[in-house]
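Take a look at the structure below.
The values are calculated or read from the model by the stated rules, or taken from the named source; none is laboratory data. Since the structure is predicted, the reported quantities are computational estimates derived from the model, not experimental observations. Every residue, glycine among them, receives a Cβ derived from its backbone with ideal geometry; neighbour counts consider all protein chains shown.
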Amino acid sequence: MSQLNEIKCPHCGHWVVWNCRVDDKCPDCGEYLEEHRFVHAEQKRMADEAKQKDDYFVIKDSDETITQIYKTFLNIFRWGAFYGIPVVFIIVGALVVIYGLVIL
Ligand SMILES: [Zn+2]
């Protein structure tokens, strides 16, 4: 048994059959029935994609456990290098200043 929901289109006010999908459109005016939900879902999808691209080694469920551990380790190392390099520069800068003060 399939359950049909009816929703009042927020744009044209007609009652239309709604499949509870975020990208359902009104057959009368062609607007999204739940625009805020669609926008939210779209933003979430784009954020997830950006996050996946940010991770150098994307961990897939199809990977073997050892591969997942290996990728996780490399990702941690990569982020460690990303945040560690400025720290090294600050330390070297501080050492140069200290060295200068000791010599003079
Ligand atoms: Zn409509």
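One table, with the values for the structure above:
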{"read-out": "Whichever residue in segment 13-32 is more than 22 Å from Q43 (Cβ to Cβ) and not in a loop (DSSP other than H, G, I, E, B) and, among such residues, is farthest from the ligand (Cβ to nearest atom)", "value": "V17"}
{"read-out": "Sole exception among (1) away from the ligand (no atom under 16 Å from the Cβ); (2) modelled with pLDDT under 90; (3) loosely packed, with under 12 Cβ neighbours inside 10 Å; (4) part of a helix (DSSP H, G or I) for S62, by number", "value": "(4)"}
{"read-out": "Close pairs (7 angstrom Cβ cut-off, 6 or more residues apart or separate chains): without any contact (Cβ under 8 Å) to a residue 40 or more places away in the chain and more than 16 Å from L4 (Cβ to Cβ) in segment 16-31, more than 7 Å from the ligand (Cβ to nearest atom) and assigned to a loop (DSSP other than H, G, I, E, B) anywhere", "value": "V22/E34; K25/L33"}
